[in-house]
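First the structure, in the form of structure tokens, and then the observations on it.
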Amino acid sequence: MFAFLTCFAVIISLVWTDQCSLENTLCSLCGKRQVSDEHPDLTALRKAIKINRKDIDVQKKEIQDLKEKHSHVAFFAYMSNNWKQLSKHKRLVYDTVDLNNGKRYNKVNGEFTAPSSGLYVFHVSTGAVDKSHASVELVSQGRIRNIGWADSMDHNDRTFATTVTPLQMNKGDVVYTRIGNGYGGNYIESNIYIRTSFSGVKIN
């Protein structure tokens with residue numbers, strides 16, 4: 001019986017020793033893992049990856065800017081019906097869009113927003129008929145850049161006025177048209193006889 005208990009105690013001792021040895025080995029490995037994670041080479045690699053990601057983001061932005069700069073931007077829109085809202089500084093909206101390359105003309109508010117800096121040319125055509133008249137201003141960044149006047153004020157006939165205006169624009173600049181100081185009568189005409197329109201194109 002004594003011999004049996006002695007053998008049992010020896011076995012327990014060996015098992016406990018092996019368990020402690022295993023735990024020590026695991027702890028040692030974890031320590032090495034932690035140390036390796038903080039290795040100078042690994043830290044430098046992480047910094048390099050972070051820098052490269054920033055460089056990639058910068059390059060992506062540069063590519064996008066180049067695409068916008070060299071993209072073909074042009075639009076042409078006209079009024080689908082006669083415009084009866086004749087009041088000073090009333091913005092005109094050309095609701096029928098035939099062309100909108102670059103998708104920068106907004107048919108809801110009549111504004112064109114430059115997608116990139118460059119030289120643009122804008123064309124405004126306005127019709128008036130039978131004792132109606134209206135001056136139409138081209139406005140950019142709060143400045144009147146050109147004015148046309150379709151004048152049938154004192155006679156029954158049609159009048160058609162056009163302006164062509166080159167503008168040097170910056171990215172985000174907005175251009176629109178509005179009624180100027182001179183206006184009266186029934187409406188601006190836009191129908192099967194005359195199309196009152198607004199168009200523009202980037203040429204450089």
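The values are calculated or read from the model by the stated rules, or taken from the named source; none is laboratory data. Keep in mind that this is a model prediction, so the values were computed, not measured. When we count neighbours, we look across all protein chains shown, and the Cβ atoms used for this are built from the backbone with ideal geometry, even at glycine. What goes into the accessible areas is simple: the full protein's heavy atoms, side chains included, and nothing from ligands, DNA or RNA. Shrake-Rupley method; radii C 1.70, N 1.55, O 1.52, S 1.80 Å.
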Quiz prompt | Alpha carbon convex hull of segment 72-202, volume per residue in cubic angstrom | solution = 85 Å³
Exercise. Please work out how much accessible surface V129 shows to a 1.4 Å probe, ignoring ligands, DNA and RNA, in Å² rounded to 10.
Key: 10 Å²
Practice problem: Using a cut-off of 10 Å between beta-carbons, work out the net charge of the residues near R178 (Lys and Arg +1, Asp and Glu -1, R178 not included). | Solution: +2
Self-check item: Accessible-area composition of segment 68-146, carbon plus sulfur, in percent [1.4 Å probe]
Solution: 46 percent
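Go through 82-95, 115-128 and give me the packing order, highest mean Cβ count within 10 Å leading. All intermediate terms of the calculation are to be shown ahead of the outcome.
On the way: 82-95: 14.5, 115-128: 20.4.
Final packing ranking: 115-128, 82-95.
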